[in-house]
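Structure, as structure tokens:
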Amino acid sequence: MIPYGKHQIDQSDIDAVAEVLENQFLTQGEQVPLFEAEIAARSGSRHGIAVNSATSALHVACLALGLGDGSRVWTSPITFVASANAALYCGAAIDFVDIDPATANIDPARLEQKLIEADKAGQLPDALIAVHMAGRSCAMDAIADLARHYGFKVIEDASHALGAQFDGTPVGDCRHADMAVFSFHPVKMITTAEGGMITTNDDALASRARLFRTHGIARPGHDDFVGTPDGPWHYQQLHLGYNYRLSDLHAALGRNQLNRLGEFIASREQVARRYEDHFAGEAGMATPGFCPRSVSSWHLYLLRATGITSLVEKKALFEAFHASGIGVALHYMPVYRHPYYQSFGFDPAAFPGAEQFYREAISLPIFHGLAEADQATVIDTVTRLLR
Ligand SMILES: *Cc1c(COP(=O)(O)O)cnc(C)c1O
């Protein structure tokens, strides 16, 4: 089966991890701060805060913003569940903003409409988690304008978008957001096995995020330390934080992988270009295309089979792909369709864009190292099954 995504590990990755194993520090050593500085430099932000997953990063970002009981958080329904769960971990309420099926991203026009209604009802959100689906940035300038006007915070869920750009600057530079979050799960752009990172330009948010990452504990010299230390042993727990630290083994792997990020993106883009050459403009297909404002990291290639009218048809199509050895996948079923979220009473009819996307979308194989012959098989199979 040709998978939809796959990580790449080479000897230099193995050597980088092995070297740390022979060092004094397996965790809380020098690899993590170096990795943080490198991701911050790469994404053009002041701070990088490494954590053990993007899920932890989203949770810590929400905590750093002070979200909790009584807060309202909005996100995209077309995302991994973690984008929504992070708000619930803090005790905040969650709601969804419909997407534009063409980009799979939150549609700023629908966001504005929902904000106008929420404003009338006195139910404006405290924060929006904007997801850059497949590695294509949301229209962050439009979102930032609305955030200023209606007074909410913005977290970018850039789990798919390390190395992507928007209007010529890197995703993660937080030009239009308070914080951004990256994932280093093996299917993502680079991997640390498990791992995540927050980027921000805000010193206070960075400081709070670092506290929440390590039990809410401050050491002498920290700005928030209460009174004078009893002695050099003295640390204080200031908040209910977590152990969300990334280890030095993982950071060393991430640092070494980061050296090849450009190469990974270039080969993903080449795969995307070949798909576009074959599928753009074909009847029954809608391709993501190349967006003039953003350079995608091409985490996913989301083809839409526009002729599909039901999930029954979609199931048959997926079975046919799998029978042909093509591991197509779906990113994602709308979050509100999960049994856990159904109990909140969301009405799928309120999200026509997400429902259409769910019906039509297919994630085709795309990764660094996808053999040209395998991609040719995918292209032939798509052509055979969708025409
Ligand atoms: C992968 C992913 C996450 C969670 O990442 P982990 O590092 O596995 O916790 C969150 N949001 C989106 C959009 C993702 O794709």
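The values are calculated or read from the model by the stated rules, or taken from the named source; none is laboratory data. Quick caveat: nothing in here was measured; it's all calculated off a predicted structure. For neighbour counting, all protein chains shown are included, and Cβ atoms are generated from backbone atoms with ideal geometry for every residue, glycine included. Note: accessible area is taken over every heavy atom of the protein model, side chains too, but ligands, DNA and RNA are not part of it. Shrake-Rupley method; radii C 1.70, N 1.55, O 1.52, S 1.80 Å.
Applying the condition of being of a type in the set (A, V, I, L, M, F, W, C) and closer than 16 Å to ILE106 by Cβ to segment 165-199 and asking which residue is nearest to the ligand (Cβ to nearest atom) yields VAL181.
On the basis of being under 30 Å from GLY91 (Cα atoms), modelled with pLDDT of 95 or more and basic (Lys, Arg), does ARG304 make the cut? No: the conditions fail for ARG304. Residues in segment 135-171 that are in contact with a Pro (Cβ under 7 Å, 6 or more places away or on another chain), of a type in the set (Gly, Ala, Ser) and crowded, with 17+ Cβ neighbours inside 10 Å: 1 in all.
Under the condition of being in contact with a helix residue (DSSP H, G or I) (Cβ under 6 Å, 6 or more places away or on another chain), under 26 Å from SER247 (Cα atoms) and within 11 Å of the ligand (Cβ to nearest atom), the residues counted in segment 42-83 number 6.
If you go through segment 102-123 one residue at a time, do you hit one that is surrounded by fewer than 18 Cβ atoms within 10 Å (Cβ to Cβ), under 24 Å from THR169 (Cα atoms), away from the ligand (no atom under 13 Å from the Cβ) and among the basic types (Lys, Arg)? No, because not a single residue in segment 102-123 is surrounded by fewer than 18 Cβ atoms within 10 Å (Cβ to Cβ), under 24 Å from THR169 (Cα atoms), away from the ligand (no atom under 13 Å from the Cβ) and among the basic types (Lys, Arg).
Is it the case that ASP95 is over 30 Å from ALA305 (Cα atoms), open to solvent by 20 Å² or more (accessible area, probe 1.4 Å) and modelled with pLDDT of 95 or more? Criteria not met by ASP95.
A search for C-beta distances below 7 Å between a residue of segment 20-36 that is more than 18 Å from THR199 (Cβ to Cβ) and any residue that is of a type in the set (Ser, Thr, Tyr), counting only pairs 6+ apart in sequence or on different chains, returns LEU26/SER247; THR27/SER247. Scanning segment 250-296 for residues being modelled with pLDDT under 95 and not in a loop (DSSP other than H, G, I, E, B) gives a total of 1. Quick one: which of THR79, THR55, THR75 is hydroxyl-bearing (Ser, Thr, Tyr) and open to solvent by 30 Å² or more (accessible area, probe 1.4 Å)? Only one candidate passes the filter, namely THR55.
How many residues, within segment 321-366, are out of contact with any strand residue (DSSP E or B) (no Cβ under 9 Å at 6 or more places or on another chain) and either farther than 22 Å from ILE129 by Cβ or of a type in the set (Asp, Glu) (or both)?
If we filter segment 321-366 for residues that are out of contact with any strand residue (DSSP E or B) (no Cβ under 9 Å at 6 or more places or on another chain), which is where we start, we get 322-324, 333, 337-340, 342-343, 345, 347-349, 352, 355, 358.
In the following step, the residues that additionally are either farther than 22 Å from ILE129 by Cβ or of a type in the set (Asp, Glu) (or both) were identified as 322-324, 347, 349, 355.
Count: 6.
In segment 172-183, is there at least one residue being more than 19 Å from GLY68 (Cβ to Cβ), polar (S, T, N, Q), buried (at least 24 other Cβ atoms within 10 Å of the Cβ) and under 15 Å from the mean Cα position of the chain (by Cα)? Within segment 172-183 (the criterion being more than 19 Å from GLY68 (Cβ to Cβ), polar (S, T, N, Q), buried (at least 24 other Cβ atoms within 10 Å of the Cβ) and under 15 Å from the mean Cα position of the chain (by Cα)), the answer is yes, since at least one residue qualifies. For the criterion of being within 16 Å of the ligand (Cβ to nearest atom) and surrounded by fewer than 18 Cβ atoms within 10 Å (Cβ to Cβ), PRO229 fails. Can you name the residue in segment 144-157 that is within 16 Å of the ligand (Cβ to nearest atom) and free of Cβ contacts under 8 Å to residues at least 60 places away in the same chain and is also nearest to GLU117 (Cα to Cα) among such residues? My answer is VAL154. Is segment 304-312 home to any residue that is out of contact with any Cys (no Cβ under 6 Å at 6 or more places or on another chain), more than 14 Å from VAL382 (Cβ to Cβ) and assigned to a helix (DSSP H, G or I)? Yes: segment 304-312 contains one or more residues that are out of contact with any Cys (no Cβ under 6 Å at 6 or more places or on another chain), more than 14 Å from VAL382 (Cβ to Cβ) and assigned to a helix (DSSP H, G or I).
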